[in-house]
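Step one of this worksheet: look at the structure below.
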Amino acid sequence: MYKDTHILIIEDDQEISKLLSLILNKLGLHSTIAYSGTEGLLQLQNNHFDLILLDLMLPGKSGEEIITLIREKSNVPIIVISAKVDINDKVHVLKIGADDYITKPFNQEEVIARIEVQLRKSSIAPKQSTNTHWRGLKINREKRVITLNTETLHLTNAEYDILDLLINHPERAFSKQEIYEKIWKGTYLGDDNTISVHVSNLRKKLAVITEDEYIKTIWGVGFMLI
């Protein structure tokens, strides 16, 4: 299932990086370990990776710096695995481009599930029609590209999936729980701020191109495309 899939682990703790590598090996995934932010960036310059598992507190470049640099050039999925538990830290890394966040100490089954969700997004064939549009938005699902007024939106995987869901059901309000469970395929925890952060990022990227409103907050319900 995961033939030729290559994952980069950027983690300075040797025990944790070894454990993550063993988890990936059990899934039949290839892995490369980088023990510093600088080494991780060097690996990214020289090799192709399908997913990144990233610590935040690293020697050299920090995890936050790495996310910012990666997002200037690539939409490769990034799962942060960090001992930082403050909600502000989580919100910040999601805002700058991380796709998911796991808190240490982690459960191995949760890590496997989160990895499989990210890999499945990029590997499964789309069930909907390949091209769909709504007002100035147009989506090409084969290429996983969305344009607004012919300008390409540079989206993370999570942002793309949320906007894809909304485009496929315009003028329908989705709750945060519905969005989370449709995209992350997990149980929604009511205090999770993930969806709001990704929607905020989407609005900012749309606003760069147009002053028209596309995503509306329906108070007490969630979000909808208008």
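Starting from the Cα gyration tensor of segment 6-123, take the square roots of the eigenvalues, sort them a ≥ b ≥ c, and report rounded, prolate or oblate (rounded when a/c is under 1.5, otherwise prolate if a/b is larger than b/c, else oblate).
It is rounded, given that a/c, with a ≥ b ≥ c, falls under 1.5.
Evaluate the charge dipole of the chain about its Cα centre and quote only its size in Debye, nearest 20, assuming +1 on the Cβ of each Lys and Arg and -1 on the Cβ of each Asp and Glu.
720 debye
Rounded to the nearest 10 degrees, what's the angle between the helix 14-26 long axis and the longest principal axis of the chain, both from Cα atoms, 0 to 90?
It is inclined by approximately 70 degrees.
Where the only charges are on Cβ atoms (+1 Lys, Arg; -1 Asp, Glu), what is the dipole of segment 18-117 about its Cα centre, to the nearest 20 debye?
Roughly 100 debye for segment 18-117.
Using alpha carbons only, how many degrees (0 to 90, rounded to 10) separate the axis of helix 108-123 from the longest principal axis of the chain?
50 degrees
Among 13-22, 73-82, what's the highest-first ranking by average C-beta atoms within 10 angstrom per residue?
Going from most to least packed, we get 73-82, 13-22.
Relative to the longest principal axis of the C-alpha atoms of the chain, give the angle of the C-alpha long axis of helix 157-168, reported between 0 and 90° and rounded to the nearest 10°.
On a 0 to 90 degree scale, this one is about 20.
Segment 131-225: percent of C-alpha pairs farther apart than 24 Å?
15 percent
For the chain, what's the radius of gyration and Dmax over Cα atoms, in angstrom?
17.5, 51
Taking θ = phi - 60°, what integer Hz values does the Karplus form 6.51 cos²θ - 1.76 cosθ + 1.60 yield along segment 206-223, in sequence order, with x for Gly and Pro?
Here the 3J(HN,Hα) series is 5, 5, 5, 9, 9, 8, 5, 7, 10, 10, 10, 8, 9, 4, x, 10, x, 9 Hz.
Provide the packing ranking of 43-55, 204-216, i.e. peptides ordered by the mean count of other C-beta atoms within 10 Å per residue, highest first.
Peptide ranking by packing, descending: 43-55, 204-216.
Each value in this text was obtained by applying a stated rule to the coordinates, not by laboratory testing. Remember, it's a predicted structure, so these values are computed and weren't measured experimentally. For neighbour counting, all protein chains shown are included, and Cβ atoms are generated from backbone atoms with ideal geometry for every residue, glycine included.
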